[in-house]
Amino acid sequence: MNKKKDIKTYEKYMKKCISLAKKSEGFVSPNPLVGAVVLDKNGEICGWGRHEHYGEAHAEVNALNMAGEKAKGGTIIVSLEPCSHYGKTPPCADLIIKKGLKTVVAGILDPNPIVSGNGLKKLQDAGLTVISGVLEEKCRELNEIFFKNKKTNRPFIAIKSAITLDGKIATKTGSSKWITAEKARNSVQRLRNKYDAILTGSNTVLVDNPSLTVRLKNGRSPARIVIDSELKTPEDAKIYNDDGVRVFIAVGENTDRTLLEKYPKNVEFIFCPLHSGKIYLPYLTQKLFEKGIYSIIIEAGGELCGQFMKDKLVDKIYLYVAPKATGDINAKQWLSGFDVNNINDACEFDVKRVELLKPDILFELYPKCER
């Protein structure tokens, strides 16, 4: 056996697992994205699958169903450790043992404490060869939302902004359509489809009156959240349309309850304490998590994005940068509210990925500050 050759083979198929899993973005929350590939005893691919929808069969089940009898004596490669407990479906580890596979290759351990390590141990105890950590970082990135949820019991929060080269999201008059071109805007639609909810501020609703829906074939519009401590937004704003999607408004805890009656019945209010006259964001995000919102993408102005950053609630940033500049110091910027005198005190970010969406560029960034 050439171990180095085997690892290269496993990495090749793990990439396929990750690619399969990504096809389910937006449809499995709060479960993780998982893909699986089955090789027969001769090393030939005979089955593959993914976890397609929350509550339905796991990736291993779909892959093994495709493989049938060819799975016996073979290998299953899966992006996340097979589960070992009963949830909405039976344990995948038990099925793997029953089907007579000899080897299990996992990308990364499941962070869920009732699974973590137990799935692989069950397989080892049954006499299977177990290999883990294949393309581990890529598998972790695939499920960065799930890992954040399990580690902190808080939602994964990202900021999305379309900006000019000088960091502006709109002119001083509020003109912003369109900063980026069609490819970038289509990318945003796919991004929205991935997250449980989109969050914005009252000023964005008042100025732009956005729908914040997903306009993709077979896409899924996320829940919508508006931070409106003073209930300035009109009840007929597009964002409050009753289209079957959950809608939340974050208001101050002392808000006059009679003011709520004018809003559509589909709107749910979250009463929050105020900090310096603003919604206390750590409280709001925790309440949203308790209501089943496990990931949030923020599409808002610089002040609200800045407040999320200052409260150290931001996990990731998507910056769509257009090759144009306003040259106007009074134009609106994507991040504001900081008081920085020394450049060494500026916000720093790790650049995870750069993608050319000609003519624009997408930067995927992670804040370096502790989150």
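Structural remarks
- Within the set T326, T285, the sole residue that is among the β-branched types (V, I, T), over 30 Å from K183 (Cβ atoms) and buried (at least 16 other Cβ atoms within 10 Å of the Cβ) turns out to be T285.
- Subset of the stretch 288-331 [β-branched (V, I, T) and either part of a loop (DSSP other than H, G, I, E, B) or over 18 Å from I159 (Cβ atoms) (or both)]: I293, V314, T326, I329
- Tabulated pairs, the stretch 58-73, first surrounded by fewer than 18 Cβ atoms within 10 Å (Cβ to Cβ), second assigned to a helix (DSSP H, G or I), C-beta under 6 angstrom, 6+ apart or interchain: none
- Only a single item in (1) in contact with a Pro (Cβ under 8 Å, 6 or more places away or on another chain); (2) farther than 30 Å from Y10 by Cα is not met by L231, and it is number (1).
- Answer residue from the stretch 141-153, given it is touching a helix residue (DSSP H, G or I) at 6+ places or on another chain (Cβ under 7 Å) and open to solvent by less than 60 Å² (accessible area, probe 1.4 Å) and is farthest from M14 (Cα to Cα) among those: F147
- Qualifying positions in the stretch 261-287 - part of a helix (DSSP H, G or I), over 26 Å from G306 (Cβ atoms) and in contact (Cβ under 8 Å) with a residue 12 or more places away in the chain: K262
- If the condition is being of a type outside the set (A, V, I, L, M) and in contact with a Pro (Cβ under 8 Å, 6 or more places away or on another chain), then the stretch 317-328 contributes only P323.
- Here G119 meets the list (1) assigned to a helix (DSSP H, G or I); (2) in contact with a helix residue (DSSP H, G or I) (Cβ under 7 Å, 6 or more places away or on another chain); (3) open to solvent by 30 Å² or more (accessible area, probe 1.4 Å) almost entirely, failing just condition (3).
- Candidate set: the stretch 1-27, residues that are farther than 13 Å from I76 by Cα, at pLDDT 95 or above and aliphatic (A, V, I, L, M); chosen: the one surrounded by the fewest Cβ atoms within 10 Å (Cβ to Cβ): I18
- Among (1) buried (at least 17 other Cβ atoms within 10 Å of the Cβ); (2) assigned to a loop (DSSP other than H, G, I, E, B); (3) among the hydroxyl-bearing types (S, T, Y), the one test that T173 misses: (1)
- Flag for S161 being closer than 27 Å to D328 by Cα, open to solvent by less than 20 Å² (accessible area, probe 1.4 Å) and touching a residue at least 24 places away in the same chain (Cβ under 8 Å): yes
- Residues that are out of contact with any Leu (no Cβ under 8 Å at 6 or more places or on another chain), at pLDDT 95 or above and closer than 24 Å to K22 by Cβ, drawn from the stretch 81-130: V105
- Screening I76 against (1) among the hydrophobic types (A, V, I, L, M, F, W, C); (2) crowded, with 21+ Cβ neighbours inside 10 Å; (3) within 13 Å of G119 (Cα to Cα) leaves a single unmet condition, (3).
- Cross-chain or 6+ apart pairs with Cβ under 6 Å, the stretch 210-226 first and within 23 Å of K22 (Cα to Cα), then open to solvent by 50 Å² or more (accessible area, probe 1.4 Å): A223/R246
- Of the residues making up the stretch 263-299, those that are among the small types (G, A, S) and at pLDDT 95 or above number 2.
- The stretch 8-28 residues that are within 23 Å of F156 (Cβ to Cβ), paired with ones that are open to solvent by less than 30 Å² (accessible area, probe 1.4 Å) and among the polar types (S, T, N, Q) (beta carbon under 6 Å, 6 or more apart): C17/S79; I18/S79; A21/S79; G26/N193
- Meets criteria (touching a residue at least 24 places away in the same chain (Cβ under 8 Å), among the β-branched types (V, I, T) and either assigned to a loop (DSSP other than H, G, I, E, B) or over 20 Å from I297 (Cβ atoms) (or both)) for I179: yes
- Pick from the stretch 122-140, criterion in a helix (DSSP H, G or I), touching a residue at least 24 places away in the same chain (Cβ under 8 Å) and not aliphatic (A, V, I, L, M), ranking: surrounded by the fewest Cβ atoms within 10 Å (Cβ to Cβ): E136
The values are calculated or read from the model by the stated rules, or taken from the named source; none is laboratory data. Keep in mind it's a predicted model, so treat the numbers as computed, not measured. With ideal geometry, Cβ positions are generated from the backbone for all residues, glycine too; neighbour counts draw on all protein chains shown. With ligands, DNA and RNA removed, areas are computed over all heavy atoms of the protein, side chains included. Shrake-Rupley method; radii C 1.70, N 1.55, O 1.52, S 1.80 Å.
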